[in-house]
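Student: The structure's right below; bear with me while I get my questions together.
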Protein chains: 4
Amino acid sequence: MQQPNSQAASDCRVWRRRLYLMLEPTARQAPGLSITNRCIAGLILLATILTLLETEPVVRALAPGFFITAEAALAMAFLVEYIGRVIAAGEDPRYRGWAGRLRFMASPWAINAFTLRLLKLIRLARLGRFSNAIGDLYRAVRGRRYELTVSLMVAGLLLVLTSSVIYVLEANHQPEAFGSIPRALWWSVATLTTVGYGDVTPVTPGGQVFAGLTAIVGIGMIAMPTGILAAAFSDAMQKRREQGEEYDND
Amino acid sequence: MQQPNSQAASDCRVWRRRLYLMLEPTARQAPGLSITNRCIAGLILLATILTLLETEPVVRALAPGFFITAEAALAMAFLVEYIGRVIAAGEDPRYRGWAGRLRFMASPWAINAFTLRLLKLIRLARLGRFSNAIGDLYRAVRGRRYELTVSLMVAGLLLVLTSSVIYVLEANHQPEAFGSIPRALWWSVATLTTVGYGDVTPVTPGGQVFAGLTAIVGIGMIAMPTGILAAAFSDAMQKRREQGEEYDND
Amino acid sequence: MQQPNSQAASDCRVWRRRLYLMLEPTARQAPGLSITNRCIAGLILLATILTLLETEPVVRALAPGFFITAEAALAMAFLVEYIGRVIAAGEDPRYRGWAGRLRFMASPWAINAFTLRLLKLIRLARLGRFSNAIGDLYRAVRGRRYELTVSLMVAGLLLVLTSSVIYVLEANHQPEAFGSIPRALWWSVATLTTVGYGDVTPVTPGGQVFAGLTAIVGIGMIAMPTGILAAAFSDAMQKRREQGEEYDND
Amino acid sequence: MQQPNSQAASDCRVWRRRLYLMLEPTARQAPGLSITNRCIAGLILLATILTLLETEPVVRALAPGFFITAEAALAMAFLVEYIGRVIAAGEDPRYRGWAGRLRFMASPWAINAFTLRLLKLIRLARLGRFSNAIGDLYRAVRGRRYELTVSLMVAGLLLVLTSSVIYVLEANHQPEAFGSIPRALWWSVATLTTVGYGDVTPVTPGGQVFAGLTAIVGIGMIAMPTGILAAAFSDAMQKRREQGEEYDND
């Protein structure tokens, strides 16, 4: 015979279990995210956009009260989520009991600061429907980290060499822009990456000829990592195909 | 014994069949487009170019009467095509009889508005000789939509992070250009995509060092989708080769 | 018994044969170009560079007599080559006899005009040591001409669409730069190709948001042909490897 | 019975051997670099950065004494390394004895000049943990040198042709920027590489239309080497995979 108290405790445990499955993405057996976590992801995205927009005086002036209200509402929602998480944490053996709850409250996932929210969003995205694609991209980039590091080293060497040469060629004519190698680096990085702001350009014939050569070398600097990544993705896809897996079956 | 009336109806039906085959690209058995549809595609292209040129006052001033005449002539041609289509629609079981014709006249393909014309042009191009190539490109891009979405998400994250950092570094020196994160986004997107307009550039040493790093990261942002698409196309071509198909046999 | 005259004619024929082998790259059995043709290629390159430099007033002022002398010397050299070619043409059955020589003198390869010289240079390069590489590149590009055409069509469509939208958004604020769709095309092409001159940029918030989206779409526009060419080259190399051929054995 | 003198000579040889193994990267049997060489690589990197920073007056003014002290300390460290190398060179049969030591002191690796230091750094990097990745990149680029040379030749031809055409179209309107073909080259190289400084842009309608076409052609010019390198890397990885080797096992 169950006593009423025990019955209530059992009910409570069932509810805690449901809450845990709703809030903890790793506890879920079906692929993808629960509806609760999708809403939380949406709220985090909304809070991020609001934080970004709030820095703009023009937008702030348009709706002075709106941001305060919205921030308060979002803070309330995240507080509710936070309390829910602390309650549900009892399902996890690591955070059981009062000591465990306090430990959980100090863990990074429980905190609602701005940068941690973004981390939480990335964590949710990783566990969502893009998990395969993110994993493949990550492995492809990681598997070629040596080649990518080497091409970054080549890029660094080219930056130092080209800025040294342009410094020699242009320092006397444009001391403000090319008066030292660190200053000339600003032009070098803009040219080798083909960004080409154009706020600083060589004016001497020698400097312009060298800038032209630098721009052509810059194509190679872009082609290098592109080629490495293309080969890595091609590789990863062939592996996936050989294993008979596809993304399309969802 | 056929009555003259029935003979005329039979003749009429043969002509309607011919008109249908001339105008409806999906009814054609031979590959490519009929001569009539090629002419219509040419006229749509001409009408589009005229509509674009007409917005330029200098061009309009050069030949004031020409545009009115040309637009009228094209409108007449599209009206003839429209009437032809309504007549030929009787060959399609869906649009038979008076009710069917009215239904056809309300369907998007029959209407001659500007944006719909472009859609019609795309539809014609898809059924023409480029159908295999368009299909392959479409499947290659669609088959990698998760990876491409992930790389767009990475791009979005990078845009937010770089504009937040440059806002902190440059807001005090250039409030007009970097006074808020949404404003700083304009610089971020120009740098990460390596467009580099140069209308807004950082001026503080810290901002310039960070801009250099952003430009180098931007190469990776371009290399990612390029690598994914390269692998997808490589994949699609291998499949096609294994099936023994080639584009060149036309 | 040979007569002296016949002996001289025979000698003459031997010399003509040697001249023909020296001057006609297709007659050579060994791979690469003869020394004579290498010298001619060098002279054409020199003449081209001189023609380009001659347009610059500063360079012309530096050495006023030099260009006249150099041009005269080069003209003399090409005249000698021309006479040599006309004599050697007798080895080719098509140009035998007086009528044949006149026909040869009218053929494009014999003429020494500026643009034809460049064509001759390309022809020599194609027959030289890069013949395999040029052939592979040509076949790779040609074999994917449909996909490349489709991606050019996509580019054209994007140019028209983006310039139409930016025209709507910016025409009132910057009539000089965005006052018509053809004018707005100048900005569109600079943004979608990621060239980004920066002489014309949107100033309204809506225009800047749209420009950011256009710049991101521009990455895809660059990734498309890059991916197609990468796959085509990968394909061509695999074919070559399967045939056991390599470039490195020279 | 060993004499004390001989004992000292033997001790000396053991120490010389240790010094040699510490300093000469090629003598090491374990993969990677010895701790001594890592420190030397770090010092070279530090000296390079100091040399670059020293050119900047603002930085020099901030810490006038620092640079002199740092340069002196680094010079001392490199002198110690130099003496160590001269002593250890006795282990190498080529540099044994007094004559050998003098020969070694004149060899490029022993000299500590600025540019040679960078060469030494590259040599150390090549022998370090990135040796496989550097070797693969080098072989991939070298194996496609003909195709890359051809695409450079195509780039050169495009530069000459586009600058000639823009010279014809713009010379009368902007003599300063497009007054000669060599001047127009500055615009051509900025456009075809998609750097797009924007300091010089065409202003006539004809020039702008041609510039748009040039920018689109520029995409192909970037896609060419990217595609070639992507195929080469893909090739190199497949070879490595077939041999069962991977980078990841370190």
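What follows is calculated from the coordinates using simple rules that are stated; it is not laboratory data. Every value quoted in this text rests on a predicted model; they were computed, and no experiment measured them. Glycine also receives a Cβ, built like all others from the backbone with ideal geometry; neighbour counts cover every protein chain displayed.
Student: Helix A:64-88 sits at what angle to the longest principal axis of chain A, using alpha carbons and giving 0 to 90 degrees rounded to 10?
Tutor: 60 degrees
Student: If you build a Gaussian network model of chain B, linking Cα atoms that sit under 10 Å apart, which residue out of B:V141, B:V217, B:V59 swings the most?
Tutor: B:V59
Student: Quickly estimate the mean residue ellipticity at 222 nm for chain D, helices only: each DSSP H run with n ≥ 4 gives -39500 (n - 2.57), and the total goes over all residues, rounded to 500.
Tutor: Details: 11 runs with 188 residues, N = 250.
-25000 deg cm²/dmol, from helical runs alone.
Student: Based on a Kirkwood Rh over C-alpha pairs, give the Stokes-Einstein translational diffusion coefficient of the protein assembly as shown at 10 °C and viscosity 1.306 mPa s in µm²/s. List each step's numbers first, then the result.
Tutor: On the way: Rh = 34.3 Å.
The diffusion coefficient I find is 46 µm²/s.
Student: Compute a Gaussian network model of chain B, connecting alpha carbons closer than 10 Å, and tell me which residue from B:N37, B:N132, B:N172 fluctuates the most.
Tutor: B:N172
Student: Here's something else I'd like to know. Can you count the Lys pairs in the protein assembly as shown with C-alpha separation below 21 Å, eight or more apart or on different chains?
Tutor: Numbers: A:K239/B:K239; A:K239/D:K239; B:K239/C:K239; C:K239/D:K239.
Lysine pair count for the protein assembly as shown: 4.
Student: Quote to one decimal, in nm, the extra length available between A:R139 and A:A9 on full extension: 0.36 nm per residue of separation minus the C-alpha distance between them.
Tutor: Details: separation 130, 0.36 × 130 = 46.80 nm, distance 4.58 nm.
Contour length minus Cα-Cα distance gives 42.2 nm.
Student: On each of the three principal axes of the Cα atoms of region A:139-242, give max minus min coordinate, whole Å, ordered largest first.
Tutor: Result, largest extent first: 61, 19, 18 Å.
Student: Positive end of the charge dipole of the protein assembly as shown (Lys, Arg +1 and Asp, Glu -1 on Cβ, about the Cα centre): tell me which of C:N37, D:V58, D:H173 has its Cα farthest that way.
Tutor: Selected residue: C:N37.
Student: Now for a separate question. Equivalent ellipsoid semi-axes for region B:116-175, as square roots of 5 times the alpha carbon gyration tensor eigenvalues: give them largest first, rounded to whole Å. Don't jump to the answer; show the numbers that get you there.
Tutor: On the way: eigenvalues 348, 57, 10 Å².
Ellipsoid half-lengths, sorted descending, are 42, 17, 7 Å.
Student: Within 10 Å, at most 16 other Cβ atoms, and a DSSP state outside H, G, I, E, B define an exposed site. Report the longest part of chain A free of exposed GluC sites (Glu not before Pro). Write down the numbers at each step before the final one.
Tutor: On the way: sites that count: A:E245, A:E246.
Answer from the scan: A:1-244.
Student: Here is a follow-up. Bin width 10 Å, origin at 0, all Cα-Cα pairs of chain B: what percent of pairs per bin?
Tutor: P(r) for chain B, in whole percents per bin: 6, 18, 17, 20, 20, 11, 5, 2, 1, 0.
Student: Sticking with this one: Roughly how many debye, to the nearest 20, is the charge dipole of the protein assembly as shown about its Cα centre, given +1 on each Lys and Arg Cβ, -1 on each Asp and Glu Cβ, and no other charges? Please list the in-between numbers first.
Tutor: Values: 100 positive and 76 negative charges, 549 e Å.
About 2640 debye.
Student: Placing a label point 7 Å from Cα toward Cβ, how far apart in nm is A:Y82 from its equivalents in the other copies, listed shortest first to one decimal?
Tutor: Ordered by distance, the counterparts are at 6.3, 6.3, 9.0 nm.
Student: For Cα pairs less than 8 Å apart in space and 6+ apart in sequence, what is the mean separation divided by the residue count of chain B, i.e. the relative contact order in percent? The partial results should precede the final answer.
Tutor: On the way: 177 pairs, mean separation 38.0, N = 250.
With pairs under 8 Å counted, the relative contact order is 15 percent.
Student: Moving to a separate point now. Return one number: the angle in degrees, 0 to 90 and rounded to the nearest 10, between the long axis of the Cα atoms of helix D:97-106 and the longest principal axis of the Cα atoms of chain D.
Tutor: Rounded to the nearest ten degrees, it is 20.
Student: Using the 7 Å Cα-to-Cβ label point, sort the distances from D:T204 to its equivalents in the other copies shortest first and give them in nm to one decimal.
Tutor: Computed spacing set for this position: 3.3, 3.3, 4.7 nm.
Student: Taking a label point 7 Å out from Cα toward Cβ, give me the nm distances from D:N172 to the same spot in the other copies, shortest first, one decimal.
Tutor: 3.9, 3.9, 5.5
Student: Under unit Cβ charges (Lys, Arg +1; Asp, Glu -1), what dipole magnitude, rounded to 20 debye, does region A:139-242 have relative to its Cα centre? Please report the intermediate quantities before stating the final value.
Tutor: Values: 8 positive and 6 negative charges, 142 e Å.
It works out to roughly 680 debye.
Student: Pick from C:A72, C:A99, C:A63: which is most flexible by mean-square fluctuation in a GNM of chain C where alpha carbon atoms under 10 Å apart are linked?
Tutor: Maximum fluctuation in the GNM of chain C, among the listed residues, is at C:A63.
Student: Using a cut-off of under 15 Å, list every residue of region A:9-27 whose amide N is near the label point 7 Å from the Cα of A:S107 along the Cα-to-beta-carbon line.
Tutor: Counting backbone N atoms under 15 Å from the label point, the list is A:20-27.
Student: Please report the spacing between the Cα centers of region B:49-111 and region A:142-184 in Å, no decimals.
Tutor: 58 Å
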